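Report on one structure; see the data block that follows.
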Amino acid sequence: MGPLIPYGIINPEWTMPIIFLIGLGFGMILEQAGFSSSRKLVGTFFGYDFVVLKVFFTAAITAIIGIIFMDFFGLLDTSVIFVHSNFLNSTLVGGAIMGVGFLLGGFCPGTSVAAGSIGKVDALVFIGGLFIGVFIFGEFYGTFDGLFSGHYFDREKIYTLIGLDKGTFVFWLIIIALFAFAIAGFLESKVSNEALKPADVKYEGYGLEVLLLFAIAVTIAFMPGKSVNTFNELDESKVYQKSLNDAHRVSSEELAFNILHEVDDINIIDVRSEADFNQFHLPGAINIPYPEITKAQFAETFNNIMGKNILVSNGGVTAEKAWLIVTRMGFQHNYVLNGGLNKFINDIFYAPKPDPDVIKMEIHHQYRFRQRAAKVFKEGEAKKIVSDKKVEVPQKKQQPVQISGGC
Amino acid sequence: MNSLRSTSLVIFALIILGAIIRSLIPADYDVTAEETVSHDAKKAAMSYLAFYKKYNSKQINQYQIIDIRDKYAFDKDHIPGAVNIPYAELLKKSGLSQINKKPVLVYGQQEATSAAAKLMLFQLGFENVNYLPGNFQTIKQFVLEEFDPVHSFYSAEKKQYNYQNYIRTNQQAAGQAPQKQTDTPTETINVSGGC
């Protein structure tokens, strides 16, 4: 099912409003947690208040547990989630600058905005400094470039670097978090600064929470990697039912008509090898070789919500296989060119002239269409030809989109 | 505050319980889509040459040959020793129960359908499944009646024409025919922000 935007459940145009809402929520929670007070924030460094550590560690653990379980239940395709590349040098230097700035200024960037929005002057000064830093970095980007992109390693995850299994790594992370919370609590009680102590409602004890979190950690450590079926997947009987009839097959004439009329919502996907594709491909076709169709980067292409994908191969066999797989993966509106390019050429260019005695007009129309199509294809002028069939091709009307914001 | 606490505890307990139950439910497929594709891309269909050799040396008896055409076509003519399971019944209980542990060889009316049958069976856990390229007519013509070495590696998937001689794309034709300039309506997006 997820991520919601790549899988087309939420329209990409909603990205900005969603970001705005999440930002509002984030700011609200920062303020709620008391993060607009710089005294509370820097408490971590002086040992009287570890709320920053607790909140961010909790957030990280919650997110990890959520992602792992949603992946396991098939609700989230983790291979589609964007992961930032790693640049070690800039991370180290940036972290050091951030730490020193945090200690001196009493804010980190997000909390400074939260505090600034409730009118704290020191936070506003901090935000001003932030923009000066951005300006310096932007102006002298060339000088910093070596540092900025130094020690690049691609999307490596910590557990693969250490050589641990994902479940085991998360298990230890949760154990570390539990110990960190215990140590933080101990330090808080030692360092006395009563005025700044968090005025939380005290539980009798955290025994149950610790026990449950430990149980979750153990579950994650022993959970099988991933179930075979993901949420989107169709089970085999449904794929089989769909493959029984010819509804997913497109005739040569239909494809020719669509190419010649340059119908917008038709997407030709060539599943042959790259070498074959480079030698020849139909006008407007894109290449996704058969062994690569399950790659996450093509999910959006196969999930053509607005139009039709037509899978093409030499004889239609590879295209049929590719169709079975993408249909299993839950993508709709995919079709196969029946008989492939071989039948396409044969149908269009070697069409036998029908017997003039044949009464069915469709056959004569089809023959005439084939002849005209052949002529146009040969001349390489894939422009308008008018078919005898009066087929209404739905043309996308291009309306100017106007988004106006108000206050 | 106490109700919040107990609610969250119950939710956590439910998640753990769900994970345990979920791992007990058997999956529909035995292999993932990725594994299917990578296996299938490596293992090609059985060539007519290999089939001919096995057919002559009676090694073919080790295989269970499945004819997935309809009953009428099967009754007319079929490969000796083949079992008829029409594609429409292949995945039903009546069809699957007829397939035993032997390596399976599928052929049919169309190569695309034979390949589809192979893929479906492979995803259901039959590891040793293969299919014969072409259709029954080509198998009969090139192998059964008289083996034709020219067609040792016949496949409907093979390129039969030099496509580029038939269809010229716009780039190729650019040198010969003057390109017409057409005005395409441009989409105007007007985004105006608030204050």
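Values quoted throughout were computed directly from the atomic coordinates according to the rules given, and no laboratory measurement underlies them. Bear in mind the structure is a predicted one, so any value in this text is a computation, not a measurement. Note: ideal-geometry Cβ built from the backbone for every residue, glycine included; neighbour counts use all protein chains shown.
Annotations
- The mean number of partner chain beta-carbon atoms within 10 angstrom of a residue's beta-carbon across peptide B:107-114 is 4.
- For B:K92, A:K321, order by how many other beta-carbon atoms lie within 10 Å, fewest first: B:K92, A:K321
- The ranking of A:T15, A:T301 by Cβ neighbour count inside 10 Å, starting from the fewest, reads A:T15, A:T301.
- For the pair region B:102-156 / region A:249-323, the C-alpha centres are spaced 24 Å from each other.
- Using the average count of surrounding beta-carbon atoms within 10 Å as a protection proxy, the listed peptides B:150-162, A:307-319 rank, highest first, as A:307-319, B:150-162.
- Chain A: most fluctuating residue of A:F369, A:F107, A:F135 per GNM, C-alpha cutoff 10 Å: A:F135
- Per residue of A:279-292, other chain Cβ atoms within 10 Å of the residue Cβ number 3 on average.
- Reference-scaled alpha-carbon Rg (2.2 N^0.38 Å with N residues) for region A:52-201: 1.31
- Legend: residue pairs A:K321/B:K102; B:K43/B:K102; A:K242/B:K159; A:K343/B:K159, Cα-Cα distance threshold 20 Å; pairs beyond threshold, A:K321/B:K102; A:K242/B:K159.
- Candidates A:I65, A:I132, A:I348, ranked by Gaussian network fluctuation over chain A, Cα under 10 Å, top entry: A:I132
- Of the residues A:V271, A:V125, the one with the fewest other Cβ atoms within 10 Å heads the list, and the complete ranking is A:V125, A:V271.
- Net charge over other residues, Cβ less than 14 angstrom from the Cβ of A:W172 (K, R count +1; D, E count -1): 0
- For A:N303, the shell of other residues with beta-carbons less than 14 Å away shows a net charge of -1, using +1 for Lys and Arg and -1 for Asp and Glu.
- Compactness of chain A was expressed as the Cα radius of gyration divided by 2.2 N^0.38 Å, which yields 1.40.
- Note on B:K158: aspartates and glutamates with a C-alpha under 16 Å away, same-chain residues under 8 apart excluded, are A:D270, A:E274, A:D276, A:E320, B:E111.
- Axis of helix A:207-222 versus longest Cα principal axis of chain A: the two differ by about 40°, to the nearest ten degrees.
- Tensor-based shape of region A:1-105 (alpha-carbon gyration tensor, a/c under 1.5 rounded, otherwise prolate or oblate): prolate
- Within 10 Å of the Cβ of each residue in A:330-343, the mean number of Cβ atoms contributed by other protein chains is 2.
- Choice from A:L260, A:L76, A:L92 with maximal GNM fluctuation in chain A (Cα, 10 Å cutoff): A:L92
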